[in-house]
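Okay, so here's the structure we're looking at.
The values are calculated or read from the model by the stated rules, or taken from the named source; none is laboratory data. Keep in mind that this is a model prediction, so the values were computed, not measured. Cβ atoms come from the backbone with ideal geometry, glycine included; neighbour counts cover every protein chain shown.
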Amino acid sequence: MIFKSAVLAIPVLAMALTASAAPSTKTEAKRVMAKDIPVAHTPLVPGGYGRTFPPPVLATCTEPLVSGAPDLRGIWRIVSHNDQAPAAGEHLHNYAERIEQCGDRIVDMGGGTIADARADGTVENAVRDVSVRDYQTPILAVATFEKGVFILRPVDKPGFEARRWLDADGRMHWTRPDYGRAVLERIGGPNDSYTRPQ
């Protein structure tokens, strides 16, 4: 009787071991980290990318935002510049930008240029692109997140800071020494398409 029970138990044990060793049929979502996605750059043509945003850069990224990063993701349209609505013909009239974020990476598209960096305070992962003034002059700007503020510091301009942060109403404030202060409202998500009006 004991012998028969042992014989019957062997096939059952073998089936259980085979089932546990079989590959899972569930599809696991692939993690895409910020470092896995190539850095984006401004097209080297007059006007950069033009009036229409290029396809999103970080749309496939699954890495959560780092601690301390302000959530600036979305399409932003200017509301005021130095406390006044920009008039037709002014530099920032109809200005819009799109910000994407993933991990410590941030991609800011605006004015035809693409600023893509890791906000880790290093020159190695800084923005390496071109100036919005002529779409030719190289720029190198170190990015950081500090107390809920996104800051860009050009390495060749000591003391210069371009800062972006959210206020209590969810609007984004943007300051830089050569432009003053702008307030922008979120009008879309980071993966939305958008063409800036003329």
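Annotation note: of T113, T122, the sole residue that is of a type in the set (S, T, Y), modelled with pLDDT of 95 or more and within 22 Å of N191 (Cα to Cα) is T113. Within the set R181, R128, the sole residue that is within 19 Å of L58 (Cβ to Cβ) and either free of Cβ contacts under 8 Å to residues at least 24 places away in the same chain or out of contact with any Lys or Arg (no Cβ under 8 Å at 6 or more places or on another chain) (or both) turns out to be R128. State the number of residues belonging to region 146-195 that are touching a Gly at 6+ places or on another chain (Cβ under 9 Å) and among the charged types (D, E, K, R). Number of matching residues: 6. Scanning region 134-189 for residues that are among the small types (G, A, S) and either on the phi < 0 side of the Ramachandran plot or assigned to a strand (DSSP E or B) (or both) yields A141, A143, A162, A168, G180, A182, G188, G189.
Restricting the search to strands (runs of 3 or more DSSP E) fully inside region 22-125 and requiring at least 1 residues that are out of contact with any Gly (no Cβ under 9 Å at 6 or more places or on another chain) and free of Cβ contacts under 8 Å to residues at least 40 places away in the same chain gives 105-110, 113-118.
Considering region 65-88, the residues that are within 11 Å of the chain's Cα centre (by Cα) and either farther than 23 Å from R176 by Cα or basic (K, R) (or both) include one that is surrounded by the fewest Cβ atoms within 10 Å (Cβ to Cβ), namely L65.
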